[in-house]
Amino acid sequence: MKEKLKDLTRDAWNVPNMLTMFRLILVPVFIVLYMKDLPYAALAVFCIASLTDMLDGYLARKNNQITSFGKLMDPLADKLLVISSLICHALKGVFPWIAIILVAFKEICMVAGGLLLLNKKDIVVHANFFGKLATCFFVGALIAGFFHTWFLSVNVPVDVILLWASVVLSYTAAFIYLIQTIQALKTGSSGNT
């Protein structure tokens, strides 16, 4: 595993990956601001972190700097940002805990499975369309969550509707990941025989 991690970080030092690491640093900053009841500062940090996600992917593709480190760490940074934001909103009573538990369970399974596949089979699970779409919906739900009171005042809980749509898309993405992983394992095992 140590050698695999060394290989993974060998090509890590480029602008897209630095943006990913910056996003990781912003996660605790967001949490502190949110929990200190500075919602607009927390929202600004969340938006900056979300923009780095779009920017790092664009730069990686444009400059041909797609790396194994980026493929692994970019989704991890996204997951940490989304899960942290969801928990913060749930702690303040904005989002229902059942949705957060469902998302957290799925993410823990995905991270554990991804690390296991990387360690045992050298397979890196790539983001799929539904995973990216789920992330977009989560970002929309989380931003809308900052205006939860206003949505309640007009009897249209847009933030909660977006959250549940995100959960459905997230589980759809997980199902597709599972199918792709099974196919990759079958291809790998048939190639070894």
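The values are calculated or read from the model by the stated rules, or taken from the named source; none is laboratory data. Remember, predicted model here, so these are calculated numbers, not experimental data. Here Cβ is always computed from backbone atoms with ideal geometry, including for glycine, and neighbour counts include all displayed protein chains.
Looking across Tyr40, Tyr34, one residue alone is of a type in the set (Phe, Trp, Tyr), modelled with pLDDT of 85 or more and in contact with a helix residue (DSSP H, G or I) (Cβ under 7 Å, 6 or more places away or on another chain). It is Tyr34. All conditions in (1) closer than 19 Å to Asn128 by Cβ; (2) surrounded by 19 or more Cβ atoms within 10 Å (Cβ to Cβ) hold for Lys71, with the sole exception of (2).
The set of residues in the range 148-160 being farther than 10 Å from Phe95 by Cα and surrounded by 15 or more Cβ atoms within 10 Å (Cβ to Cβ) consists of Phe151, Pro157, Val158. Among the residues of the range 93-116, what is the count of those that are closer than 24 Å to Met35 by Cα and either without any contact (Cβ under 8 Å) to a residue 24 or more places away in the chain or part of a helix (DSSP H, G or I) (or both)? Qualifying residue count, the range 93-116: 12. In the range 57-92, the residue that is nearest to Ala44 (Cα to Cα) out of those that are of a type in the set (D, E, K, R) and assigned to a helix (DSSP H, G or I) is Asp78. Check whether at least one residue in the range 45-62 is polar (S, T, N, Q) and either surrounded by fewer than 18 Cβ atoms within 10 Å (Cβ to Cβ) or modelled with pLDDT under 85 (or both), and report yes or no. No: the range 45-62 contains no residue that is polar (S, T, N, Q) and either surrounded by fewer than 18 Cβ atoms within 10 Å (Cβ to Cβ) or modelled with pLDDT under 85 (or both).
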